[in-house]
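First up is the structure itself, then whatever we jot down about it.
The values are calculated or read from the model by the stated rules, or taken from the named source; none is laboratory data. Here the structure is a predicted model, which means the values were calculated and not measured. Cβ sites come from the backbone with ideal geometry, for glycine too, and all protein chains shown count toward neighbours. Quick note on the areas: whole protein, heavy atoms, side chains included, nothing else; ligands and nucleic acids left out. Shrake-Rupley method; radii C 1.70, N 1.55, O 1.52, S 1.80 Å.
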Amino acid sequence: SALVYLSNLIVPLSMLVIGASMVSMRIKDFTSDFRLLIFSMLRLIIIPVALIFLLKLFITDALLIGVCTIMLATPVGSMTVMLAQEYDSNYALISKGVAFSTILSVITIPFVFMIVL
């Protein structure tokens, strides 16, 4: 049971790391980074739409296509920030990417569903 309690801490701890690394950032920092905008468009719209159209060639079940759409259109995982910090990488940029893609996914997930389904 101790391992279950530890595994339940992973998501809250990663959110704490993201929040701590975003303390000094401004909202303008999110929209001014061109690389972050391009990455978010690729990750949240272009790749999911392309792969879902490809999957539709092989899968006929609408429920399975819907599940795959949700899996492909979700934002960047928060665990990447903890890994970047662990390996002394640019975790501030990664935390911006996680936060920005999470905010954008509120708009892009319904958009991807409208395009694909």
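Per-atom-type breakdown for the chain gives carbon and sulfur 75% of the accessible area (1.4 Å probe, protein chains only). Mean residue ellipticity, 222 nm, helices only, the chain: the sum of -39500 (n - 2.57) across DSSP H runs of n ≥ 4, divided by residue count and rounded to 500, is -23000 deg cm²/dmol. Computed packing ranks the peptides 45-58, 95-108 as 95-108, 45-58, most packed first, by mean other Cβ atoms within 10 Å.
The charge dipole of the chain, taken about the Cα centre with unit charges on the Cβ atoms of Lys, Arg (+1) and Asp, Glu (-1), comes to about 260 debye, rounded to the nearest 20. Heavy atoms of the protein chains alone define the surface here; on that basis the chain has 66 Å² accessible area per residue at 1.4 Å probe size.
Counting only protein chain heavy atoms and rolling a 1.4 Å probe, the accessible areas of Asp88, Asp33, Asp61 rank, largest first, as Asp88, Asp61, Asp33. The candidates Met15, Met25, Met114, arranged from most to least accessible area with a 1.4 Å probe in the full protein assembly, appear as Met114, Met15, Met25.
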